[in-house]
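Readers should treat all values here as calculations from the given coordinates under stated rules, not as data from a laboratory. No experiment lies behind these values; they were computed from the predicted model shown. Quick reminder, even Gly has a Cβ in these numbers, built from the backbone with ideal geometry, and neighbours come from all protein chains shown.
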Amino acid sequence: MENENNNLKIISNPIVNQSLCVMRNKETDTQGVRLAARKLTRILLYEATKNLPQKEVEIETPVAKCLTQTINDDITIIISPILRAGLIFTDEAVDILPQATIRHIGMYRDEKTLKPVWYYNKVPMPVHNPDKYYVFITDPMLATGNSLKEAIRLYVSKGIPEKNISCICMISSPIGIKAVFEEFNDVNLIVAAVDSHLNERGYIVPGMGDAGDRIFNT
Ligand code: URA
């Protein structure tokens, strides 16, 4: 798929491809899927965090004083996994961004309508200084885009700029990408793969099946 929107990043390298190959394969067991997903998380998160504001600090190494860059500490970083499959990103994400707050978003997909149904929302209200919030919404599968759009809507409704919201997905569909950017042109979307289409049950083809089932062995 053409990278039509500058805010869409399709990350491809041999480690990403190998991880996807393992995750997609129906012969891979839960342990294998989790390990591959964790590797992917790291790579995708490195890309997604490129817009975090930095500041210069002076520190002292064992050898000398030096000026160095670090992430600004006057910002609020939120990692927002869409339950349940989005949880797979969390352990790696908090290792990489220990200062982050985790805000779970509980939604499941109604199998008939494919529309998201809320069951848990732990996002605080109100948000002070929304410009200083940086949100990373995680969901391994971007299929119809309905759940992701609902999650983005929640943060945008609190005044957080779209450009500060990054959505991290492993496997996506063209229709899901289009749906997200149609409503939110300025959000960032980081994916490892764009697949062909959705089947009649709303699954990504070829995809990896039900990501939650594959990750949680259900
Ligand atoms: N959710 C999944 O887990 N898999 C898909 O293919 C689509 C949505």
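Is there a residue being more than 24 Å from Asn7 (Cβ to Cβ), of a type in the set (Ser, Thr, Tyr) and either loosely packed, with under 14 Cβ neighbours inside 10 Å or free of Cβ contacts under 8 Å to residues at least 12 places away in the same chain (or both) anywhere in region 38-54? No, region 38-54 contains no residue that is more than 24 Å from Asn7 (Cβ to Cβ), of a type in the set (Ser, Thr, Tyr) and either loosely packed, with under 14 Cβ neighbours inside 10 Å or free of Cβ contacts under 8 Å to residues at least 12 places away in the same chain (or both). Among the residues making up region 88-134, those that are under 19 Å from Ala37 (Cα atoms) and in contact (Cβ under 8 Å) with a residue 24 or more places away in the chain are Ile88, Phe89, Thr90, Asp91, Glu92, Ala93, Ile96, Leu97, Ile102, His104. A single member of Ile175, Ile160 is aliphatic (A, V, I, L, M), closer than 27 Å to Val33 by Cβ and either in contact with a strand residue (DSSP E or B) (Cβ under 6 Å, 6 or more places away or on another chain) or surrounded by fewer than 23 Cβ atoms within 10 Å (Cβ to Cβ) (or both), and it is Ile175. For region 199-218, filtering for residues that are within 13 Å of the ligand (Cβ to nearest atom) and assigned to a loop (DSSP other than H, G, I, E, B) leaves 11. Does Gly145 meet the test of being within 13 Å of the ligand (Cβ to nearest atom), small (Gly, Ala, Ser) and in contact with a Gly (Cβ under 7 Å, 6 or more places away or on another chain)? Yes; evaluated as a whole, the condition is true for this residue.
With respect to the conditions (1) closer than 20 Å to Cys169 by Cβ; (2) surrounded by 12 or more Cβ atoms within 10 Å (Cβ to Cβ), Ile71 falls short on a single one, namely (1).
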